[in-house]
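Only one structure is covered here, and it is reproduced in the block below.
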Amino acid sequence: LSCDIFGFSAYTTNINFIFSLAKMIKEYDKSKIIFLGSKFASDAAELILEESSDIDFIILGHGEIPLVDFYHLYKNGQALNDIYEQLPNIKARNHVIGKVECVSDINTLVWPERNNLHKYGFLTANICTSHGCAGKCSFCSVSEKNHNWSGRDAYDIFSEVESIYKKYGVRFFNIVDGSFEDFGTAGKERLKKFCESLIEYPIKFCFNCYMRAESFKNTQEDRDLIRLMANAGITNISFGIDAGNEKDLRLYNKRATLADNNTAIKLFIASGINPQYGFIFLNPYSDEERISENYEFLKNHKCDDMGNYTNILQVFFNTAIYYRLKKDGLLKKNYSYKNTYEYDFLNEQAKKVFDFITSVIRNSPIARYAYEYLNFKHLYNNMCYMDMVTERMEEQRVILTESISQYLQEYFYELYIKHNYSISEFEKFENKGSYLYGNARKMHMKLAKDALKLSKPNFLKG
């Protein structure tokens, strides 16, 4: 509370908490300044300012440059209203007309400080290597904005990785770009050079990143690139698959076809990378056919991620899908920028599925166990690349993965194909899941201890 200015990254999951915190700060001292940022806050800026009088302003778009501009003016004694009027990337009360999102070239920014790694001893560092996204998914807030893509070169990315390792001993990294292989042929060449730098370096690193399925075809060139990625330590890939039927893919305005999605998954598995993928099982336009095709897609790929069987479309304010539902009269009266599931379904069966997922499955401990299982898989893939997984553990992992995949197939066949909403059937599902995920938790704890020894930051060593 000794600070003068407080900034928060706002999302649907924390906005109410931020409102409470802002109120507490203002009650302590009304002169404190509170601002928000994020894509969510940019889209809903005027609604947020209307709801909470404790929020002073919202930074639109990329926040680094506008925040520095604000601070310099504030430090030089300019009145807040004059600052709000002068800066085009800030919205405040009575200062909303003519405002635009900041679109910064990432190459004009410096590397971020990493004091949090020192302070808290984190074992994983997040790295941003590009701004913008080539996709135009209807449910994504980025797609409707004029975000020109900009990306750092391979040498700069590698140099930051090396710098973080040398200073903090961190060897696990999340690439937080919308899609790491962007943009087109040049993006793949950047990816190739980055991987070559990693392979030449004497220390192994592991990376989680997002990619688009349609970027990879069954060509010799792409197969070679995927193998290079596997050899370089890109251990965890997440695709935005999002649907197992063509109608939903068109609804989401996905560039990838079902054939693209199937090809990408098979290519990466063949090269030793087991990809995860985002999947939206249910939406307001779902019907028995779409639900069945989504189920079959997950079954055919032996999906062991329960979230993919239960994820429901979130309708974020000011996105293309938001305007589609608004036009079709499917948004409920209590829909708001914070309540993103408040919409109607065209199909009665889909509504029953929605009610069961939200009232039963999501309130069960099994949902948390399934999420923890994904964290285990990410760590397992990292430790396997580091040659710290025994043959015995690999045998156990294979059996566990196959068991969980089969367990999910069997239950969700009952739910989605046979329409069995029995609570007693779900309780059996919970009990079996508790046993399976419990086995995963034991393996996870063992790997976590080894990971701590492996990536222990330098300031803790000795």
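Filter segment 44-62 for residues that are of a type in the set (G, A, S), over 16 Å from L109 (Cβ atoms) and open to solvent by less than 70 Å² (accessible area, probe 1.4 Å) and give the result.
Filtering segment 44-62 for residues of a type in the set (G, A, S) gives 44-45, 52-53, 61.
Subsequent filtering for residues that are over 16 Å from L109 (Cβ atoms) retains 44-45, 52-53.
Hits for segment 44-62 are A44, A45, S52.
A search for C-beta distances below 7 Å between a residue of segment 250-272 that is touching a residue at least 24 places away in the same chain (Cβ under 8 Å) and more than 19 Å from S138 (Cα to Cα) and any residue that is in a loop (DSSP other than H, G, I, E, B) and open to solvent by 30 Å² or more (accessible area, probe 1.4 Å), counting only pairs 6+ apart in sequence or on different chains, returns T263/K217; T263/N218; I265/H301; L267/N218.
Pairs linking a residue in segment 317-340 that is in a loop (DSSP other than H, G, I, E, B) to a residue that is buried (at least 17 other Cβ atoms within 10 Å of the Cβ) and of a type in the set (V, I, T), with Cβ atoms under 6 Å and 6 or more positions apart or on different chains, are K338/T12; K338/I15; T340/T12; T340/V315.
Pairing residues of segment 200-220 that are among the aromatic types (F, W, Y) with residues that are assigned to a loop (DSSP other than H, G, I, E, B) and surrounded by 15 or more Cβ atoms within 10 Å (Cβ to Cβ), at Cβ distances under 7 Å and at least 6 apart in sequence or on separate chains, gives F205/R171; F205/G233; F207/G233; Y210/D177; Y210/G178; Y210/S179; Y210/F180. Among the conditions (1) more than 20 Å from the chain's Cα centre (by Cα); (2) over 30 Å from L454 (Cβ atoms); (3) at pLDDT below 85, V142 misses just one, which is (1).
Only one of the numbered conditions (1) surrounded by fewer than 19 Cβ atoms within 10 Å (Cβ to Cβ); (2) at positive phi; (3) among the small types (G, A, S) is not met by S163, and that is (2).
Would you kindly identify the helices (runs of 4 or more DSSP H) lying entirely within segment 63-147 that contain at least 3 residues that are open to solvent by 50 Å² or more (accessible area, probe 1.4 Å), within 25 Å of Y168 (Cα to Cα) and in contact with a Leu (Cβ under 9 Å, 6 or more places away or on another chain)?
On the way: elements: 64-75, 80-86, 115-120.
Hits in segment 63-147: none.
Considering the conditions (1) surrounded by 13 or more Cβ atoms within 10 Å (Cβ to Cβ); (2) in contact (Cβ under 8 Å) with a residue 24 or more places away in the chain, E414 is excluded by exactly one of them, (2).
Scanning segment 293-323 for residues that are open to solvent by 50 Å² or more (accessible area, probe 1.4 Å) and polar (S, T, N, Q) yields N300, N311, Q314.
Tell me which residues, restricted to segment 3-19, are among the aromatic types (F, W, Y) and either touching a residue at least 60 places away in the same chain (Cβ under 8 Å) or surrounded by fewer than 13 Cβ atoms within 10 Å (Cβ to Cβ) (or both). F17 - this is the single residue of segment 3-19 that is among the aromatic types (F, W, Y) and either touching a residue at least 60 places away in the same chain (Cβ under 8 Å) or surrounded by fewer than 13 Cβ atoms within 10 Å (Cβ to Cβ) (or both).
Got a sec? Which of G98, G61 is touching an Asp or Glu at 6+ places or on another chain (Cβ under 7 Å), farther than 16 Å from S31 by Cα and not aromatic (F, W, Y)? First the steps, then the outcome.
On the way: G98 fails: touching an Asp or Glu at 6+ places or on another chain (Cβ under 7 Å).
Checking each option against the conditions leaves just G61.
Tally time: how many residues in segment 20-43 are of a type in the set (F, W, Y) and surrounded by fewer than 17 Cβ atoms within 10 Å (Cβ to Cβ)? Walk me through it before giving the result.
Step one: of segment 20-43, the residues of a type in the set (F, W, Y) are 28, 35, 40.
From what's left, surrounded by fewer than 17 Cβ atoms within 10 Å (Cβ to Cβ): 28.
Here the count works out to 1.
Meeting the requirement of 2 or more residues that are of a type in the set (A, V, I, L, M, F, W, C) and surrounded by 15 or more Cβ atoms within 10 Å (Cβ to Cβ), the strands (runs of 3 or more DSSP E) wholly within segment 170-283 are 172-175, 206-211, 234-242. Close contacts from segment 112-126, counting a first residue that is in contact (Cβ under 8 Å) with a residue 60 or more places away in the chain and a second that is open to solvent by 100 Å² or more (accessible area, probe 1.4 Å), with Cβ to Cβ under 9 Å and a gap of 6+ residues or different chains, come to L117/K167; H118/K167.
For (1) surrounded by 13 or more Cβ atoms within 10 Å (Cβ to Cβ); (2) at positive phi; (3) out of contact with any helix residue (DSSP H, G or I) (no Cβ under 9 Å at 6 or more places or on another chain), each residue gets a yes or a no:
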residue: Q396; (1), (2), (3): yes, no, no
residue: E402; (1), (2), (3): no, no, yes
residue: Q406; (1), (2), (3): yes, no, yes
residue: F426; (1), (2), (3): yes, no, no
residue: F429; (1), (2), (3): yes, no, no
residue: Y435; (1), (2), (3): no, no, yes
residue: M443; (1), (2), (3): yes, no, no
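Picking from residues in segment 326-358 that are closer than 24 Å to H419 by Cβ and under 24 Å from the mean Cα position of the chain (by Cα), the one that is most open to solvent (accessible area, probe 1.4 Å) is Y341.
Here segment 441-451 is the region considered, the condition is being under 19 Å from L117 (Cα atoms) and either outside any helix (DSSP H, G or I) or under 24 Å from the mean Cα position of the chain (by Cα) (or both), and the residue that is modelled with the highest pLDDT is A448.
The values are calculated or read from the model by the stated rules, or taken from the named source; none is laboratory data. Since we're looking at a predicted model, the values are computed, not measured. Ideal geometry is used to build each Cβ from the backbone, glycine not excepted, and the neighbour counts take in all protein chains shown. We work out accessible area using only protein heavy atoms, side chains counted, and drop any ligands, DNA or RNA first. Shrake-Rupley method; radii C 1.70, N 1.55, O 1.52, S 1.80 Å.
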